[in-house]
Structure formats: structure tokens, C-alpha cells
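The values are calculated or read from the model by the stated rules, or taken from the named source; none is laboratory data. These numbers come from a predicted model, not from an experiment. All Cβ positions, glycine included, derive from the backbone under ideal geometry; neighbour counts span all protein chains shown.
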Ligand code: AOF
Ligand code: ZN
């Protein structure tokens, strides 16, 4: 009996190797199997580069004719930067195709499967679909809703404080948690902070305690008041974008950063409009590393998809900056684990159910 799941799991592992380099494209891996033996493997390595299917065929050490392909995403059927993968699979004589999930890209969405079947290729859909859905949750939300997958990171003391007050920087968790956050940074396209965090912490928002590339840095500054000597403007280690009011400014750029305008509501930037503007920059996954004000605005509009809550095992005495977020029954806890002396809880917003009539 052929263990189809094993081959799909391998395709998913390959897909993950593209993490950090393919956005706003999805992570895709492909395995070619003949006589229950892998004869070729490939993945989408970088945005604009060849797709996973083409790579697997190119890397085959045996003729791919009559082989079975395992792919974590429906093959594309459109000529864009590369030839349609459905055609590449057909031209190389692939006879059967296991696809984990359909491509939510409206230009593909089932048309890839149709094309394969028209070519006479046998298609199976749904193997390991839950893992594949999770893997590309950023791409799926981005392409279907025009907004990024929003991850909120919170570091709090045992008694639930983010810091002493809003004018001093307080390190709440230990180095182990910081390293973990840096590894999280390598998996997102951009980090978002508010003006106050930029001023008080003067953070770099780069990846220093993990291996991977620096995400884009985005700062909310309604009235463009931030001084230009901050690290995010000066260090040139990653691109920086400032979101500011559409009523007062127009889009522009300097050598330090790009200014993008968004709607303003009662003196604050509209968060929904900000997310739409951020998505237009090709950001599919966004990490929020802000203070309580921005967290409250995002919570008010239900704009957070996932939480990483790091808690120290020490109380912070005489603190003012209370964590405004509580994990209610709106959230599903994925896991809780120890990170050195700290604890990490990862949770996801529950999918909205249709209201019963
Ligand atoms: C596949 N295999 O490896 C990937 C796919 O022209 P591009 O490279 O920008 O990609 C266009 C679309 O192709 C992209 O938005 C997504 O729907 C799909 N990505 N498809 O068959 C792959 N990366
Ligand atoms: Zn393709």
C-alpha cells in the first residue's frame, strides 16, 4: 500500500523551505513519485522564480513520465511569471496528481484541477488539507480578503503588565522569549508598531537572535511627527514604511522611508484602511509589536487573527501599563509551552459561525 500521506507531508516540508522568500506568493512544495519511490523534489524558492512543480521536474533523477505528483496547493493554470504548471505537468507525462488544497487565487480556484482532468491526469484533492491551510493562512487571507493575517505579540509580567508606564522601556520577559520572537519575525512579511513605541523604545525591529531575513517595518504616525534619527529610519537594515493621514499628506518617500496615506477617523488612523494599505504592499502576514493603545484599536474592530502571549514568572510592581487583552472564548488555544522561565500561549480567533435564526 502506498503511503500517500507520507509523500504529501514531504511536499509540505519542502514548501516550508520557501518561508520568508516567496511572499506574497504561497509556499508550495512538490514531490514526484514513481514505483513508490521519490524521483524528484522541488519547491517555490523565491518570489518571481520557478514554481514548485517545475523545480521538481527539473530536479528529477529519473524520467518523470508516468509519475505521480504530490503538491500542497492546486497547480496554477495561468501564464504569469512562469508557464502554467498544469501544462508543465502534462508535457512531462505526469499521470496522477495529489493536491492538498485548492488555490484560493480567484484566477485559479478549481480551474487548475479542471485543466489537469482535461489533460487526462487523475486528480485527488484534500490530503493533509488542514496542515496546508495553516501553512498558507497568510496567502489565503491576503488573496481572498485583501488584508494580511494579523498576529499580535504580547510580552507581559506574571501579573499582566506590559511595562511600568508609557514613557519608559521595560524588559518584561527573558532572553529565551526574545529569541523566540526573533524567530517569529523571520516568518512574517512585516512588523507594525505605533508612534509611541517607536519613540519610547526606539526599536530596530530586525532579526538578530534567529536566522532569517528582516521583515518590512511599518509605523503608524498620523501627523508625521516622528524624528528621523530613530533606528528604523537610520540603520538601513530593512525597508521602513510610515502610515500617515490621507487628509493631511500625500504618498511620498525619502531615503529613510516611504510615507503611505490612509483614512483618518477622529484623529486616529483607521485600522481597517491601514491593513488594506499594508496588504497592497504585498504583506500577507503582519506581526504587531505595539503598546496597549494600538492593541485596543485592533481589538475593537476584531482585526487580530492570532496571538503569541509571552508571560514571565515574575510580577512587575508599581506598573501602570496593563495588558488590555484577555483570552476569551472567542479564541482557540493552539498550544501553551515553556520558553525558558517564561510561558508562551498561542491562540487563534475562532471562525465566525453563521448566527442561528
Ligand atoms: C503553483 N506552484 O509553486 C506557486 C503557485 O506568477 P507568480 O509566480 O507570481 O504566481 C502566480 C500565482 O500562482 C500565485 O498568486 C499563486 O496563486 C500561484 N502560486 N502555484 O502552481 C507554485 N507558488
Ligand atoms: Zn504554477
Quiz item: Does residue 43 count as near ligand 1 (Cβ under 10 Å from one of its atoms), in the same structural domain as residue 118 (by TED's automatic domain parsing) and at pLDDT 95 or above?
Solution: yes
Quiz item: Mind checking which residues of the stretch 304-342 are over 18 Å from residue 170 (Cβ atoms) and assigned to a strand (DSSP E or B)?
Solution: 306, 307, 308, 331, 332, 333, 334, 335, 336, 337, 338, 339
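So, of the residues in the stretch 20-40 that are assigned to a loop (DSSP other than H, G, I, E, B) and within 13 Å of ligand 1 (Cβ to nearest atom), which turns out to be nearest to residue 79 (Cα to Cα)?
The initial filter retains those residues of the stretch 20-40 that are assigned to a loop (DSSP other than H, G, I, E, B), namely 20-28, 35-36.
Next, only the ones that are within 13 Å of ligand 1 (Cβ to nearest atom) stay: 21-28.
Values: 21: 21, 22: 18, 23: 19, 24: 17, 25: 15, 26: 16, 27: 18, 28: 17 Å.
Only one residue fits best here, namely 25.
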Self-check item: Hits in the stretch 29-41 (condition: touching a helix residue (DSSP H, G or I) at 6+ places or on another chain (Cβ under 9 Å) and either surrounded by 24 or more Cβ atoms within 10 Å (Cβ to Cβ) or without any contact (Cβ under 8 Å) to a residue 12 or more places away in the chain (or both))
Solution: 29, 30, 31, 32
Quiz item: Hey, any hits in the stretch 71-88 for a residue that's within 9 Å of ligand 2 (Cβ to nearest atom), assigned by TED's automatic domain parsing to the domain that holds residue 128, more than 21 Å from residue 127 (Cα to Cα) and touching a helix residue (DSSP H, G or I) at 6+ places or on another chain (Cβ under 6 Å)?
Solution: yes
Quiz prompt | Counted residues, the stretch 46-79 - those being loosely packed, with under 13 Cβ neighbours inside 10 Å and near ligand 1 (Cβ under 8 Å from one of its atoms) | solution = 1
Quiz item: How many residues, within the stretch 96-143, are out of contact with any strand residue (DSSP E or B) (no Cβ under 6 Å at 6 or more places or on another chain), within 14 Å of residue 53 (Cβ to Cβ) and more than 14 Å from ligand 1 (Cβ to nearest atom)?
Solution: 1
Quiz item: Just checking, which of 174, 170, 206 is surrounded by fewer than 19 Cβ atoms within 10 Å (Cβ to Cβ), assigned by TED's automatic domain parsing to the domain that holds residue 343 and under 18 Å from residue 295 (Cα atoms)?
Solution: 170
